[in-house]
Amino acid sequence: QVQLVESGGGLVQAGGSLRLSCAASGRTFSIYRMGWFRQAPGKEREFAAAITWSAGSTNYADPVKGRFTISRDKSKNTVYLQMNSLKPEDTAVYYCAADLYGGTWGYWGQGTQVTVSS
């Protein structure tokens with residue numbers, strides 16, 4: 001079991017940047033993959049980015065490719081989402097998630113609000 005706590009959300013103008021952080025605790029040694037999902041008002045939760053814990057391999061959803069960068073700091077058990085060139089359509093609650101042992105996204109943070117104004 002892991003616990004995830006996000007931070008870094010806020011209000012930003014279109015074209016601006018934010019960096020989200022997600023600190024993991026608990027059975028962090030079991031983490032295979034960590035990622036970020038988002039849920040906009042009235043929409044379903046969607047995948048944004050993920051990173052494997054060991055090798056740091058990344059993948060991104062098309063809407064964020066070229067603008068968002070996911071990274072992790074193993075020593076801090078923390079994953080980051082650097083969000084650049086933000087658009088109003090990026091407005092959502094962003095959730096950090098952990099996949100233990102390469103299974104499912106079984107653990108989630110509480111979410112942090114990102115609002116991009118035009």
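In table form, for the structure just shown:
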item: Cβ-placed point charges (K, R +1; D, E -1), dipole of the chain about Cα centre in debye, nearest 20; result: 240 debye
item: Built amide H within the under 5 Å cut-off of THR91, gap 5+; result: VAL116
item: Taking region 1-63 and dividing mean pair separation by its residue count, relative contact order in percent (alpha carbons under 8 Å, at least six apart); result: 23 percent
item: Coarse-grained scattering of the chain at q = 0.10, 0.17, 0.19, 0.24 Å⁻¹, given as base-10 log I(q)/I(0) from a Debye sum over alpha-carbon atoms; result: -0.26, -0.75, -0.93, -1.43
item: Charge tally in the Cβ shell below 10 Å around LEU100, where Lys, Arg are +1 and Asp, Glu are -1, LEU100 excluded; result: +1
item: Translational diffusion coefficient (Stokes-Einstein; Kirkwood radius from C-alpha pairs) of region 57-118 at 20 °C, 1.002 mPa s, in µm²/s; result: 162 µm²/s
item: Mean separation of Cα contacts under 8 Å, 6 or more apart, over the residue count of the chain: relative contact order %; result: 36 percent
item: Value of relative contact order over region 49-93, rounded to a whole percent, pairs C-alpha under 8 Å and six or more apart; result: 28 percent
item: Residue-normalised accessible area of the chain, given per residue in Å² at a 1.4 Å probe; result: 50 Å²
item: Qualifying GluC sites (Glu not before Pro) for region 11-118 [loop in DSSP, other Cβ within 10 Å: at most 16]; result: GLU44
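The values are calculated or read from the model by the stated rules, or taken from the named source; none is laboratory data. Owing to the predicted nature of the structure, the values given are computational and were not obtained by experimental measurement. Glycine gets a Cβ as well: all are built from the backbone with ideal geometry, and neighbour counts include every protein chain shown. Only protein heavy atoms, including side chains, enter the accessible area calculation; ligands, DNA and RNA are left aside. Shrake-Rupley method; radii C 1.70, N 1.55, O 1.52, S 1.80 Å.
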